[in-house]
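Heads up, the thing below is written out as structure tokens.
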Amino acid sequence: MDRKAHWDKAYSGREADSWSWFQGSPTVSLGLIKACGLAFDASIIDVGGGGSTLTGELLGQGFTALSVLDISSTALEKSRERLDAAVAGGVTWIESDITGFSTDDRFDLWHDRAVFHFLTDAGDREKYREILFRHLKPGGFLVVSTFAVDGPKKCSGLDIVGNDAQSLHKALGGDRLQMLESREEEHVTPKGGKQKFIYVRLQRV
């Protein structure tokens, strides 16, 4: 399967509020990021954030060093269009499959809502971990969310791997990451469906 083609198609020709994963305000993510106590010039990357409102929310709070990575150029363009042009120009937009991502940058916080759970292949999950630890600073924070074990088994027609807090912690790096907290969320889709998510906030040790 061509992952990029799949996601470009998923984001094309539809309004943002029709996507099942769309959140008007990413409340849980914002709360977990706030708990990290970061300075406003902290370097933050939102993995799979092309369709998210998180970047706009963080810019509004005063954060200045934001990067958004997404496999879909269509998703990234929709996010740029959502922001004021001058503001969008200050964000680093990265079109890449996370399993092939490389940069000289290092991040104080790595955020991922609903990318990791699409990596059903063990080799892809290992690549994700390698890239994570290559680019997350020592002492840096990790906020990741996937479907819960009793959540959906598919999204956008693709299989996913559900988690609880313990299995997600282990899958992301185990002893290399300190568990700080976990939260649950019941996301309501634009059509009224309910999806259970698990979030973890971790710190690189």
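Report yes if Gly173 is modelled with pLDDT of 95 or more and under 22 Å from Thr120 (Cβ atoms), otherwise no.
Taking the combined requirement at face value, the residue satisfies it.
Among the listed residues Thr146, Thr189, identify the single one that is in contact (Cβ under 8 Å) with a residue 40 or more places away in the chain, surrounded by 21 or more Cβ atoms within 10 Å (Cβ to Cβ) and either on the phi < 0 side of the Ramachandran plot or out of contact with any strand residue (DSSP E or B) (no Cβ under 8 Å at 6 or more places or on another chain) (or both).
The conditions single out Thr146.
Residues of segment 58-111 being in contact (Cβ under 8 Å) with a residue 24 or more places away in the chain, in contact with a Lys or Arg (Cβ under 7 Å, 6 or more places away or on another chain) and buried (at least 17 other Cβ atoms within 10 Å of the Cβ), which ones?
Result: Ile71, Ser72, Trp93, Thr99, Phe107, Asp108.
Are any residues in segment 107-141 among the β-branched types (Val, Ile, Thr) and part of a helix (DSSP H, G or I), and if so, which ones?
Correct list: Ile131 only.
Going through Thr103, Thr99, Thr53, Thr74 one at a time, which residue ends up being among the polar types (S, T, N, Q), more than 24 Å from Leu202 (Cβ to Cβ) and touching a helix residue (DSSP H, G or I) at 6+ places or on another chain (Cβ under 9 Å)?
It is Thr74.
Return the residue satisfying two criteria in turn: it lies in segment 19-40 and is touching a helix residue (DSSP H, G or I) at 6+ places or on another chain (Cβ under 8 Å) and of a type in the set (A, V, I, L, M), and of such residues it is surrounded by the most Cβ atoms within 10 Å (Cβ to Cβ).
For segment 19-40, the residue satisfying everything is Ile33.
Would you point out the residue of segment 16-40, among those that are in a loop (DSSP other than H, G, I, E, B) and over 26 Å from Asp108 (Cβ atoms), that is modelled with the highest pLDDT?
Here the residue is Gly24.
The values are calculated or read from the model by the stated rules, or taken from the named source; none is laboratory data. Given the structure is predicted, the values throughout are model-derived calculations rather than measurements. Here Cβ is always computed from backbone atoms with ideal geometry, including for glycine, and neighbour counts include all displayed protein chains.
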